[in-house]
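Trainee: Take this structure first; my questions come after.
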Amino acid sequence: MDQLIGRCREGDPRAWEQLIRTYSPLVWAVIRSQGLKQADGEDVYQLTWQKLFEHIHKLEQPGRVAAWLVTVAKREAISRARQARRMVSVPDPADFLLPADMAVPAPEEWTIARSDGERLRTAIRNLPEEHRALLELLFAEPPLSYDYIAASVGMARGSIGPTRRRILAKMRGELGGGKTG
């Protein structure tokens, strides 16, 4: 096996063909064990071989290429399976349409919403830069960890919640939505 890996490292296409032919069943078995759909499995298969191509010169134990392929294929398949679970399949987008009488707000509702939105944007613009940065991170999608936010804004993790409450209370007061402080 060391000799075959050596030939692959030298760029020998026949060696690559032999390596892929030898280990394809193993890679596919690992991918299928994660229950991926065919298209996702094919993507993981390609990615696994791409990663080997990119890292073959870094393999410290060429004789353990099978274990390396199993590890990479399994990690990528698990990652792809997690991504697939996060996606929501919508059989018919029409199922999510609102009835005609609810689809478009009345002109007065639209005007109020526009006015409220402008007031909110103004209140945010009037915040100190560090408060705007904190709110932006707190309301990011996907949500960020408090550890990441703390490091990003240079604040102790335990100070984030109390600071957020003070900022939002101040904004509520400015917008006329309640007490401040």
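The values are calculated or read from the model by the stated rules, or taken from the named source; none is laboratory data. Just so we're clear, the structure is a prediction, and the values are computed from it rather than from any experiment. Counting neighbours? That spans all protein chains shown, and the Cβs are built from the backbone with ideal geometry, glycine included. With ligands, DNA and RNA removed, areas are computed over all heavy atoms of the protein, side chains included. Shrake-Rupley method; radii C 1.70, N 1.55, O 1.52, S 1.80 Å.
Trainee: For the range 158-181, what are the residues that are charged (D, E, K, R) and at pLDDT 90 or above? Give the derivation first.
Mentor: Going through the range 158-181, the residues charged (D, E, K, R) turn out to be 164-166, 170, 172, 174, 179.
Scanning the range 158-181 gives 164, 165, 166.
Trainee: Only one of 133, 123, 140, 169 is in contact with a Gly (Cβ under 7 Å, 6 or more places away or on another chain) and open to solvent by less than 60 Å² (accessible area, probe 1.4 Å); which?
Mentor: On the way: 133 fails: in contact with a Gly (Cβ under 7 Å, 6 or more places away or on another chain); 123 fails: in contact with a Gly (Cβ under 7 Å, 6 or more places away or on another chain); 140 fails: in contact with a Gly (Cβ under 7 Å, 6 or more places away or on another chain).
Exactly one of 133, 123, 140, 169 is in contact with a Gly (Cβ under 7 Å, 6 or more places away or on another chain) and open to solvent by less than 60 Å² (accessible area, probe 1.4 Å), namely 169.
Trainee: Take the residues in the range 5-54 that are free of Cβ contacts under 8 Å to residues at least 24 places away in the same chain, farther than 15 Å from residue 74 by Cβ and among the aliphatic types (A, V, I, L, M); name whichever of them is surrounded by the fewest Cβ atoms within 10 Å (Cβ to Cβ).
Mentor: Per the stated criteria, the residue is 39.
Trainee: Tell me the residue from 150, 113 that is modelled with pLDDT of 80 or more and surrounded by 11 or more Cβ atoms within 10 Å (Cβ to Cβ), please. Steps first, please.
Mentor: Working: 113 fails: modelled with pLDDT of 80 or more.
Unique residue meeting the criteria: 150.
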